[in-house]
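Right, one structure below, let's go through it.
We did not get these values from a lab; they are worked out from the coordinates using the rules stated. In this text the structure is predicted, and so the values were computed from the model without any measurement. Here the Cβ positions follow ideal geometry from the backbone for every residue, glycine too, while neighbour counts run over all protein chains shown.
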Amino acid sequence: MSKDTKKRLRSKYRPKGGSVPGMPAVAIDPRVRRECEEEGLDPIDWNIYFGNMEPSKATCDDCYERRNELCAGGREPIKCLGDDRRAQMRLRTAR
């Protein structure tokens with residue numbers, strides 16, 4: 001293999017992420033990040049379920065799980081993501 005090919009392959013398969021290993025490079029809106037931190041929520045977790053929608057404007061129907069019929073719904077999003085039992089369930093299913 002030539003040096004040029006090795007260089008292209010190296011750059012193609014270089015991990016894309018933040019400065020912390022294992023941390024995804026997620027572009028979270030600063031307003032969303034600030035609101036999440038004020039509410040005591042993890043901004044990355046919020047971004048997974050609601051995208052860049054502000055917590056004060058989000059409804060249960062905007063959630064990823066609700067849209068894909070993985071959740072019964074009917075809860076306030078901030079309380080739902082802040083619930084400790086719910087967080088443990090998300091950690092178990094993420095394995």
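Within 9 Å, Cβ to Cβ, of residue 55, how many net charges do the neighbouring residues add up to if Lys/Arg are +1 and Asp/Glu are -1?
Combined, the nearby Lys, Arg, Asp and Glu give -3.
As an exercise, use a Förster radius of 41 Å and the Cβ-Cβ distance of residue 69 and residue 42 to find the FRET efficiency, rounded to the nearest 0.05.
0.95
Ordered by residue, what ³J(HN,Hα) values in Hz, to whole numbers, does the stretch 45-57 give under the Karplus form 6.51 cos²θ - 1.76 cosθ + 1.60, where θ = phi - 60° and Gly and Pro are x?
4, 4, 4, 5, 8, 10, x, 8, 7, 5, x, 6, 9
Counting pairs of alpha carbon atoms under 8 Å apart in space and at least six apart in sequence, what relative contact order in percent does the stretch 28-93 give?
Relative contact order comes out at 26 percent.
Cα-based Rg (one decimal) and Dmax (whole number) for the stretch 28-93, in Å?
11.0, 30
Could you give the nm distance between label points at residue 79 and residue 59, where each point is 7 Å from its Cα heading toward the beta carbon?
Calculated label separation equals 1.7 nm.
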